[in-house]
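The values are calculated or read from the model by the stated rules, or taken from the named source; none is laboratory data. In this text, all values refer to a predicted model and were calculated from it rather than measured experimentally. In this analysis, Cβ positions are derived from the backbone assuming ideal geometry, glycine residues included, and neighbour counts consider all displayed protein chains. With ligands, DNA and RNA removed, areas are computed over all heavy atoms of the protein, side chains included. Shrake-Rupley method; radii C 1.70, N 1.55, O 1.52, S 1.80 Å.
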Amino acid sequence: MSISVELNRITKAFDTTVAVNDISLMIAPGELFFLLGPSGCGKSTLLRVLAGFYRPDTGELRFDDKVMNDVPPHQRNTGMVFQNYALWPHMTVAENIEYGLRLRKLDKLTRQEKITGALEMVQMVEYHDRPVNTLSGGQQQRIALARALVIEPSVLLLDEPLSNLDAALRQNLRDEIKDIHNRTQITTLYVTHDQVEAISMADRMAIMKDGVFVQVGTPREIYQYPADPFVASFVGETNFITGNIQEIANGKAKIETPVGVLHTESVYHDFTPGQEVSCSIRPETIHLNGNSPLNQLTAKVGAVTYLGRVEEYELRIADTLKLKAIIHNPGTETKKPGDTVGISMSPKAIVPLPTNE
Ligand code: ATP
């Protein structure tokens, strides 16, 4: 049975640094929830509050209906996986996994069955007797995952588990962790600063900055409806054009910018005429030689990078603005640095966001 995790106005400070500042959150039973944010924003501190390594200064933590603030870490039934694996190097794979089962005083046969089950889950059965210090990084992280899963935790806590691994292995393990989560339905909190990891795996995620949540939502909501320029640029790539609202009505607006008036149909914040906004425009929504009647600009091509699946263009507009465009499925025709091109953007692709004036 999966459990819920509830944070109610949790604060944790170290001297004058407020690492976690009055955070409330409800993680649903069986949810795979991500904390995403830049270094130092408080992600690990929040994870450690859940694990019980830190007691919150104020606020309440609940697993289902039970208040956990004063429950010591070993009685929380949480499984943890760390960035650096944190395995015991002198022990074998099986001994590492067995440790938590011994603490729970399970008999030998049960322990052996559970170890085999956990090794099957991470596809490492044949490594049962290997000393862990003879394994590769990816294999060690699989064992760390097996060790966390074997105790059948109520909550799984993952602290940047893939950041020491190379790109191909990261992709592989992402798929495996997602698959294991689908099968076990363990309520999981996953900390990362890798937005691709979060977008591709999360049921929901929180974007964290300076100890607070800037936005909580599904990856799709956060990518398509970012709360502010920080979220728009942290989750995915984007361009910004700053301007002022000229007219606004019914989710549409005209925005006066240094490169001309932009028309948008993606207004989902409250703005007033005259207000400064930062228009977020994703690189994949900029069309070269596009034929949208609105939002046409003339640009000079800078660097062109052909990447097979996509082609990236650096575009300069009126010498003052640099935009990045990404063209999918590029053909043989290509623009060259120095070429002049007409670009266009659909009114839906221009997303005005509040600036922190
Ligand atoms: P990273 O991605 O670099 O691991 P993070 O988002 O996990 O960063 P935290 O480790 O939670 O961030 O740190 C949040 C803030 O709290 C930072 O300013 C950090 O210096 C401070 N901090 C964290 N742990 C302690 C501690 N034990 N003592 C003092 N300050 C701390």
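Count the net charge of all other residues whose Cβ sits under 9 Å from the Cβ of residue 154, scoring Lys and Arg as +1 and Asp and Glu as -1. List each step's numbers first, then the result.
Numbers: positive: 76; negative: 64, 152.
Counting the neighbours of residue 154, the net charge comes to -1.
If a/c stays under 1.5 just call it rounded; otherwise compare a/b with b/c (prolate if a/b is bigger, oblate if not). Do that for the range 1-58, with a ≥ b ≥ c from the square roots of the Cα gyration tensor eigenvalues. Prolate, because a/c is 1.5 or more and a/b exceeds b/c. Axis angle, to the nearest 10 degrees, between helix 167-184 and the longest C-alpha principal axis of the chain: 60 degrees. Name the residue from 74, 234, 263 whose Cα lies farthest towards the positive end of the charge dipole of the chain, charges +1 on Cβ of Lys and Arg and -1 on Cβ of Asp and Glu. Selected residue: 74.
Which value, in debye to the nearest 20, describes the size of the charge dipole of the chain about its Cα centre when Lys and Arg Cβ atoms bear +1, Asp and Glu Cβ atoms bear -1, and nothing else is charged? Walk me through the numbers before you get to the answer.
Working: 35 positive and 43 negative charges, 95 e Å.
Its charge dipole is roughly 460 debye.
Between 82, 14, 240, the residue with the greatest mean-square fluctuation in the GNM of the chain (Cα pairs under 10 Å linked by springs) is 14. With the full set of protein chains in place, find how many percent of the accessible area of the range 208-357 is carbon and sulfur; take the probe as 1.4 Å. Heavy-atom surface of the range 208-357 belonging to carbon and sulfur, 1.4 Å probe: 48 percent. One decimal place: the segment residue 246-residue 300 gains 16.7 nm when fully extended, by the rule 0.36 nm per residue minus the C-alpha distance. Each part reduced to its alpha carbon centroid, the range 152-185 and the range 317-357 end up 36 Å apart. Only helices enter this figure: runs of n ≥ 4 DSSP H residues, each worth -39500 (n - 2.57), summed and divided by the residues of the chain, yield -7000 deg cm²/dmol at 222 nm to the nearest 500. Name the residue from 305, 199, 355 whose Cα lies farthest towards the positive end of the charge dipole of the chain, charges +1 on Cβ of Lys and Arg and -1 on Cβ of Asp and Glu. Value: 199.
Would you please classify the overall shape of the range 69-196 from the alpha carbon gyration tensor, given that a ≥ b ≥ c denote the square roots of the eigenvalues, rounded means a/c under 1.5, and beyond that prolate means a/b larger than b/c while oblate covers the rest? Don't jump to the answer; show the numbers that get you there.
Values: a/c = 1.59, a/b = 1.15, b/c = 1.38.
Note, shape of the range 69-196 comes out oblate.
Considering only 346, 136, 44, the Gaussian network model of the chain with Cα springs below 10 Å gives its largest mean-square fluctuation to 136.
Report the FRET efficiency, 1/(1 + (r/R0)^6), for residue 24 and residue 1, where r is their Cβ-Cβ distance and R0 is 25 Å, rounded to 0.05. The computed FRET efficiency comes out at 0.55. Relative to one another, the C-alpha centroids of the range 102-134 and the range 1-43 are positioned 31 Å apart. Calculated accessible area for the range 18-70 comes out at 40 Å² per residue, all protein chains present (probe 1.4 Å; ligands, DNA, RNA ignored). Applying 1/(1 + (r/R0)^6) with R0 = 51 Å to the Cβ-Cβ distance of residue 320 and residue 123 gives a FRET efficiency near 0.40. Here the extension length gained between residue 355 and residue 167 equals 64.2 nm, from 0.36 nm per residue of separation less the Cα-Cα distance. Calculated accessible area for the range 148-251 comes out at 41 Å² per residue, all protein chains present (probe 1.4 Å; ligands, DNA, RNA ignored). Considering only 143, 27, 326, the mean-square fluctuation computed in a Gaussian network model of the chain, springs between alpha carbons under 10 angstrom, is largest for 326. Go through 252/300; 12/322; 43/324; 178/209; 209/324 and tell me which ones have a Cα-Cα distance over 32 Å in this structure. In this structure, 12/322 lie more than 32 Å apart at Cα. Its convex hull of Cα atoms gives the chain a direction-averaged projected area, equal to a quarter of the hull surface, of 22.1 nm². In terms of its alpha-carbon gyration tensor, the range 252-297 comes out prolate; a/c meets the 1.5 threshold, and the first ratio a/b outweighs b/c. Within 14 Å, Cβ to Cβ, of residue 141, how many net charges do the neighbouring residues add up to if Lys/Arg are +1 and Asp/Glu are -1? Result for the local shell: -2.
Treating only the Cβ of Lys, Arg, Asp and Glu as charged (+1, +1, -1, -1), what charge dipole size does the range 200-324 show about its Cα centre? Round to the nearest 20 debye.
Numbers: 11 positive and 15 negative charges, 46 e Å.
Rounded to the nearest 20 debye, it is 220 debye.
Heavy-atom surface analysis with a 1.4 Å probe gives the range 54-136 a carbon and sulfur content of 51 percent of its accessible area.
For the range 253-262, 3J(HN,Hα) computed residue by residue from phi via the Karplus equation (6.51, -1.76, 1.60; θ = phi - 60°) reads 8, 10, 10, 8, 10, x, 10, x, 7, 9 Hz, glycine and proline entered as x.
Here the extension length gained between residue 289 and residue 108 equals 58.2 nm, from 0.36 nm per residue of separation less the Cα-Cα distance.
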